[in-house]
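A short reminder: the numbers here are calculations on the coordinates, not readings from a lab. Remember, predicted model here, so these are calculated numbers, not experimental data. Using ideal geometry, Cβ is built from the backbone for each residue, glycine included, and neighbour counts are taken over all protein chains shown.
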Amino acid sequence: MKILVVDDEHDIQPLFQQRFRKEIKNGEIVFEFAYSGEEALKYMVNFNHEAVLILSDINMPGMSGLELLEEIKQKHHSPPPVVMMITAYGDEENHKRAMALGADDFLTKPVDFSLLKEKIKNLEV
């Protein structure tokens, strides 16, 4: 399964690689990283929707995660990727807006990697 992680914080890459070391080594998961909404959209176009799951931060400079979500849900239908939003702010307004825009799930930072692994496992069924 290919997962695109979108977050403006560059330290997210080694964190995901460490927490999913076994799954990466076994070839179960391949991570790609984009550091802005704009970079994520370029990835979606250039790699023809290879990502099955997109994990996107909400609060990013430039295009926000919510704007990215809206763009993905409007323009990338086949196959439609699963989009989980991640935010440091678990406020109800962001949650409602993300769900209204078509988010498949909503996680808060710091990410509970055990919970995330369970959610990913459920996608594979």
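Points worth noting:
- For Glu39, net neighbour charge (Lys/Arg +1, Asp/Glu -1) across residues whose Cβ lies under 11 Å away: -3
- Size descriptor, Kirkwood hydrodynamic radius, that averages inverse alpha-carbon separations across the chain, Å: 14.5
- For the chain, leaving out every one of the chymotrypsin sites (Phe, Trp or Tyr not before Pro) that falls in a DSSP loop and has at most 14 other Cβ atoms within 10 Å, the longest unbroken run is 1-46.
- For the pair Glu32 and Arg19, the difference between a 0.36 nm per residue extended length and the Cα-Cα distance amounts to 3.2 nm.
- Net length available on complete extension from Arg97 to Phe113 is 3.4 nm, with 0.36 nm assigned per residue and the Cα-Cα distance removed.
- Legend: P(r) of the range 1-70 from all alpha carbon pair distances, 5 Å bins from 0, whole percents, reading 4, 18, 28, 24, 17, 8, 2, 0.
- Candidates Glu32, Glu23, Glu92, ranked by Gaussian network fluctuation over the chain, Cα under 10 Å, top entry: Glu92
- Packing-based exposure ordering (other Cβ within 10 Å, fewest first) of Ser56, Ser36: Ser36, Ser56
- Near Glu32, the amide H atoms lying under 5 Å from its own belong to Ile3, Leu4, Val5; only residues 5 or more places off or on other chains count, and H is placed 1.01 Å from N.
- Thr108 long-range amide H proximity, modeled H, under 5 Å: Thr87
- GNM flexibility winner over the chain from Glu38, Glu70, Glu28 (Cα, springs under 10 Å): Glu28
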